[in-house]
Structures are given as structure tokens and as C-alpha cells.
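K.L.:
First the structure, which I've put down as C-alpha cells, then a few questions once you've had a look.
Each value in this text was obtained by applying a stated rule to the coordinates, not by laboratory testing. Since this is a predicted model, take the numbers as computed values, not measurements. FYI the Cβ positions are ideal-geometry reconstructions off the backbone, even for glycines, and counts take in every protein chain you see.
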Amino acid sequence: MGNLPRLLLCAPASGGGKTTMTCAILEALVEQGARPVAFKCGPDYIDPMFHSEVIGAKSRNLDLFFLGGDTARSLLYENGAAGGVSLIEGVMGYYDGIAMTSESSAYDLARETGTPAVLVVDGRGRALSAAALVKGMADFRPDANIRGVLLNRVSPMLYPRLKAAIEGETGIPVYGFLPERPDVALESRHLGLVTAAEVAGLRQKLAVLADLVRQHIDLKGLMALAQAAPDLAARPMALPEQVRGRPRIAVARDKAFCFYYADALRLLEKLGAELVEFSPLRDKRLPEGCAGLYLGGGYPELYAAELSENGAMRSAVRQAVTVGLPTVAECGGFLYLHGTLSDDAGRPWPMAGVFPAGAENTGKLGRFGYVTLTAGKGGLLGPAGTALPAHEFHYWDSAAPGADFHAQKPRSHRGWDCAYHTETLYAGFPHFHLCAAPEAAARWVRRCEEYEKKSRKLL
């Protein structure tokens, strides 16, 4: 348990400016010399990439479906304690969770972590109704903990009257506003559509947004609210025993493979692994002495031609996986292991060829959302019956998606078989957060250590 200044920015619905407001405040804090730590509620890889790579704020994911309350609090404290203030960006509407419930919602995270929530309200086209909206959101649950309001797309002329109306009707303080500025708004992004490095003029947009924050938002008041957050009841994660060696796991990292949870990578290091990054686009071989392979998600379909042209790497990966290098390949990494991967135009390109099937664009999301994976057969991540919380989000699909796990959607009768699971391989569309399954992560690292010892004996 300890003191951790923190806020959660939420909204009544998606598309109201939550991401713009979060990034604007983070940028303003960084420019002031503060050390904010950013968090994203939910499984999204994209927002943390914006927070960290463009703004320069350390950023992590907090997902209650993956992690549960204890682990989420542990990671919040572990990461946040190194900074000045922790700023959590919510997801969707404040109460929107799994299957028309609040389970795993931003509200659920605020409740589990005791974090004061600040409601971002789109003020465009509203007058007194803005106060009704705030009151309804704040009173919907007795423990809503909505302690402040920020207004978006509001004119400087209207703001004082809106502020007075909201505060008079609800008693909740309004900490400022951002005016309507379409030229600098950070539009809602869909997973797989765009990354931070590909947004034209983003740095300039953020500089303008930070200046607007300094003009129109009470940052001192927000920081005082963050400081008033109650102590966080958090304990360090209980971890499996660390391996004695230091097996090297090669992690694919470039513009085609960039979807990783930072805390999951850190967990592998805590369990004894050494992580070495490489590029399937540029490098001709796997890192020297690697005893494991992590092919994360990303955008291989956008770089299918370049990946295919690097025949030396495709061959190296195929040979390594085939001879038993302990490998986890999630979503985009799974696509890379196919015989062919079609690009946006439908042209198939040869890939690593571990699986002879082809993969192509279906034009729609396939099997989208949270699932619980149950292993039908034992393998790299655990014995038969091992359960792993996971998530799927992909437009490309495979002619042979595997059937070694059963995926069951929460609060639903819908389920399907998927993925491949052998003693040395997990490969499939579902991705997971290793901090949700430290025993599975430890099992993988131990297999890497065994592979390393066997390799040394053969030399």
C-alpha cells in the first residue's frame, strides 16, 4: 500500500475527445518537466504507443479482464511510483464493459483502484443538458467517484456559463475546456489502422494542444485532485521461481511487428529471460544464441511484400520453429508463420511457411473481443485444461486457424476452436497478457532454458 497520485479520464461515450484530452494533458505535463506515467484501460496497443513513443510518457495497459484487480493494482503502483502522477485513459463509455455490463469497464477500473475519475464531456450542441449528462453519469452508481469535469469542443464565450451550470446543478468542479480545433484533434483510431509514427504533423498538433491546456485548463487543480487520491492497496505480484540461466528470447520489433504489452515483456525478464530485439523486415537471421522466439502482433499485412522479399529471415524462422525453438506467435506473428499472406490488394506473398495455409483479408473483424482460451491439449503454455484470458482483433483470417484451444466469449454461449499448441509452440490469433498467466510465462522461459542447455551440449 502506498501513496500514488492518479486520475482516470473517462467519457460518456467513444468519440467525445477522451484521447485528445488525455494526450493534450500528458504533453503539457511533459513540457513542464513533470514525469507523468500513462495507462490505458483495456487491451488496446495503440494508445500506449502514442503516449510513450510520441509524447515521451511511460505508458502501460491496465485490463481487468486480463489481470483482475490485484494484478492491476500491483502494476499500477509498480509503474506509477516511478513518476510524478499517473494518468489513466478510459475506454469507450465510462460504464461500458462486457456484454452490456460494467465488468472490465473504465468505471470498474476506477473502482478497483480507488482512482478519482474526471469526465470528459463533449459540449458541442449542449447547454443545460450538459449538466444533466454529468449528473446522470455521476449518480448512475453510488461509487461512481466522478470528481471532476473537463469540457471539449466548447467556445471560450460559452465556457463560463456551462461551468457555472454544471457546478451549480451537480456540485462537481469543472477544471477547464478545450475549444473546437479540428486541425489538431486526434481522431478516434481503430486498432490496426494507424500508429503514432504515421500520423502527419502529430508533434505539431501536440504542441498546439499543450498550449491550449495551459490557456484553458486548471492543471494545478487537476494535480491537486490526483494528489488527494486515497492510498493504493497494492502488493507485488507473486511470481514463479526465476530460472537459473539467462535464456535469450528474440523479440520481433519493427513497423510490421509492434504490438506488445510492456509489462509482459518485463515479466519475461523478471523470470530470467534476456530479451533481444530483431527485425523480420531488415535482419537476415535471428539473433545469435537465441533460445526462444516471440512474434507479436502488428501489421505484417501492410508489409507483406517487404517481409516476403527477406527470404533469408523467412527461412531462418521456419527452420528455428520447425526444430523446436520455443515460440509464441500472436495474431500478426501467426500470420507471418503462414505459407502465404495476402496484401490489401489480395496478392498472396510467401511467408515463413511453418503452416502451409494462406491468410487473406476478409473485409470485416473476425471473432472480435475477449475470450477465455482453454487448452484442449498440453503444450508450451501449460497442460490440457490450462485457461488463459485472451483477446482477438483481426481483419485477416486463416484457412487453417488451428484447433488446439477452445475460445469462449464471456457471458455468451458463443465459442470456437482455435490456435496451435505443441510442446514448443503457441501460434494463433488470440493474444494475451503474460502478467495474467505468470505460470504460462514461466513455463515458456523454462523451455527456453532447456533449449539453450540442449544447444550447448550439441556444440
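K.L.:
Find the percent of Cα-Cα distances in the stretch 364-459 that exceed 17 Å, and round it to a whole number. Show your work: numbers first, answer last.
P.N.:
Working: 2366 of 4560 pairs.
Tail of P(r) above 17 Å: 52 percent of Cα pairs.
K.L.:
Under 27 Å from the Cα of residue 409, which lysines turn up, not counting those fewer than eight places away in the same chain?
P.N.:
The reachable lysines, counting only those whose Cα sits under 27 Å from residue 409, are 40, 364, 377.
K.L.:
From the square roots a ≥ b ≥ c of the eigenvalues of the alpha-carbon gyration tensor of the stretch 248-458, which class results: rounded (a/c under 1.5), prolate (a/b over b/c), or oblate? Provide the component values of the computation, followed by the final result.
P.N.:
Working: a/c = 1.63, a/b = 1.04, b/c = 1.57.
Cα axes put the stretch 248-458 in the oblate bin.
K.L.:
Can you find, among 49, 221, 437, the residue farthest towards the positive end of the dipole of the chain? Put +1 on the C-beta of Lys and Arg, -1 on that of Asp and Glu.
P.N.:
437
K.L.:
Further question: Around residue 214, under 12 Å between beta carbons, what's the net of Lys plus Arg minus Asp minus Glu among the other residues? Walk me through the intermediate numbers first.
P.N.:
On the way: positive: 220; negative: 27, 31, 211, 218.
Neighbourhood net charge equals -3.
K.L.:
Could you calculate the contour length gain from residue 262 to residue 233, that is, 0.36 nm times the residue separation minus the distance between their Cα atoms, to one decimal place in nm? Mind dumping the intermediate values first?
P.N.:
Details: separation 29, 0.36 × 29 = 10.44 nm, distance 2.24 nm.
Answer, rounded to one decimal: 8.2 nm.
K.L.:
On to the next question. Semi-axes of the chain's equivalent ellipsoid from the Cα gyration tensor, sqrt of 5 times each eigenvalue, largest first, rounded to whole Å? Before the final figure, lay out the partial values.
P.N.:
Numbers: eigenvalues 335, 106, 85 Å².
Its equivalent ellipsoid spans semi-axes of 41, 23, 21 Å.
K.L.:
Using the 10 angstrom Cβ neighbour count as an exposure proxy, how do 301, 450, 423 rank, fewest first? Walk me through the intermediate numbers first.
P.N.:
Working: 301 23, 450 17, 423 11.
The fewest-first ordering by Cβ neighbours comes to 423, 450, 301.
K.L.:
Same structure again: Tally Lys/Arg at +1 and Asp/Glu at -1 over every other residue whose Cβ is under 9 Å from the Cβ of residue 85; what's the total? Please list the in-between numbers first.
P.N.:
On the way: positive: 6, 35; negative: none.
My count for the surroundings of residue 85 gives +2.
K.L.:
Under the √(5λ) rule applied to the eigenvalues of the Cα gyration tensor, what semi-axes describe the equivalent ellipsoid of the stretch 236-355? Give them in Å, descending.
P.N.:
Working: eigenvalues 145, 46, 25 Å².
Its equivalent ellipsoid spans semi-axes of 27, 15, 11 Å.
K.L.:
Work out, step by step, the length gained on full extension between residue 344 and residue 399: first 0.36 nm times the residue separation, then minus their alpha carbon distance; give nm to one decimal. Intermediate values should be presented prior to the final figure.
P.N.:
Values: separation 55, 0.36 × 55 = 19.80 nm, distance 1.69 nm.
Full-extension gain reported as 18.1 nm.
K.L.:
For the stretch 290-361, how big is the tail of P(r) above 18 Å, as a whole percent of Cα pairs?
P.N.:
Details: 749 of 2556 pairs.
Distances greater than 18 Å cover 29 percent of the Cα pairs.
K.L.:
Still on this structure: Would you mind telling me the antiparallel percentage of the DSSP bridges in the chain, rounded to 5?
P.N.:
On the way: 29 of 74 bridges.
The antiparallel fraction comes to roughly 40 percent.
K.L.:
Another question, if that's okay. How much mean residue ellipticity at 222 nm does the chain get from its helices, if each DSSP H run of length 4 or more adds -39500 (n - 2.57) and you divide by all residues, to the nearest 500 deg cm²/dmol? Don't skip to the end; give the middle numbers.
P.N.:
Details: 13 runs with 143 residues, N = 459.
Helix contribution divided over all residues of the chain: -9500 deg cm²/dmol.
K.L.:
Note the per residue figure in Å³ for the convex hull of the C-alpha positions in the stretch 29-105.
P.N.:
Details: hull volume 6.5 nm³, N = 77.
About 85 Å³ per residue, rounded to a whole number.
K.L.:
Report, in cubic angstrom per residue, the convex hull volume of the C-alpha atoms of the stretch 6-227. Provide the component values of the computation, followed by the final result.
P.N.:
Values: hull volume 25.1 nm³, N = 222.
Output value, Cα hull per residue: 113 Å³.
K.L.:
Quick check: pseudo-label points 7 Å beyond the Cα along Cα→Cβ at residue 204 and residue 70, how many nm apart are they?
P.N.:
5.1 nm
K.L.:
Where both residues lie in the stretch 248-458, what percent of DSSP beta bridges are antiparallel, nearest 5? Present the calculation step by step, with values, prior to reporting the outcome.
P.N.:
Values: 27 of 46 bridges.
Of the beta bridges lying entirely in the stretch 248-458, close to 60 percent run antiparallel.
K.L.:
Right, something else. Taking 22 Å as the cut-off for C-alpha to C-alpha distance, list the pairs among 255/454; 255/284; 58/205; 284/453 that go past it. Write out the running numbers ahead of the final one.
P.N.:
Values: 255/454 33 Å; 255/284 16 Å; 58/205 20 Å; 284/453 25 Å.
Distance filter (> 22 Å) returns 255/454; 284/453.
K.L.:
Moving to a separate point now. Counting pairwise Cα distances across the stretch 226-285, what percent come out greater than 15 angstrom?
P.N.:
Numbers: 1134 of 1770 pairs.
Roughly 64 percent, once rounded to a whole number.
K.L.:
Still on this structure, please answer the following. Express as a percent, rounded to the nearest 5, the fraction of DSSP beta bridges in the stretch 6-227 (both residues included) that run antiparallel.
P.N.:
On the way: 1 of 27 bridges.
About 5 percent, rounded to the nearest 5.
K.L.:
A further question on this structure: Let me make sure I get this right: for the stretch 107-177, a, b and c are the square roots of the gyration tensor eigenvalues over alpha carbons, sorted descending. Under 1.5 in a/c it's rounded, otherwise prolate if a/b > b/c, else oblate. Which is it? All intermediate terms of the calculation are to be shown ahead of the outcome.
P.N.:
On the way: a/c = 2.28, a/b = 1.90, b/c = 1.20.
Prolate, since a/c reaches 1.5 and a/b exceeds b/c.
K.L.:
Can you check how the C-alpha radius of gyration of the stretch 1-136 compares to 2.2 N^0.38 Å, as a plain ratio? Could you put the intermediate results ahead of the total?
P.N.:
Details: Rg = 14.5 Å, N = 136, 2.2 N^0.38 = 14.2 Å.
In units of the globular-protein estimate, the stretch 1-136 measures up at 1.02.
K.L.:
Further question: Counting only Cα, what are the radius of gyration and maximum Cα-Cα distance Dmax of the stretch 140-190, in Å?
P.N.:
In Å, with Rg to one decimal and Dmax whole: 13.4, 39.
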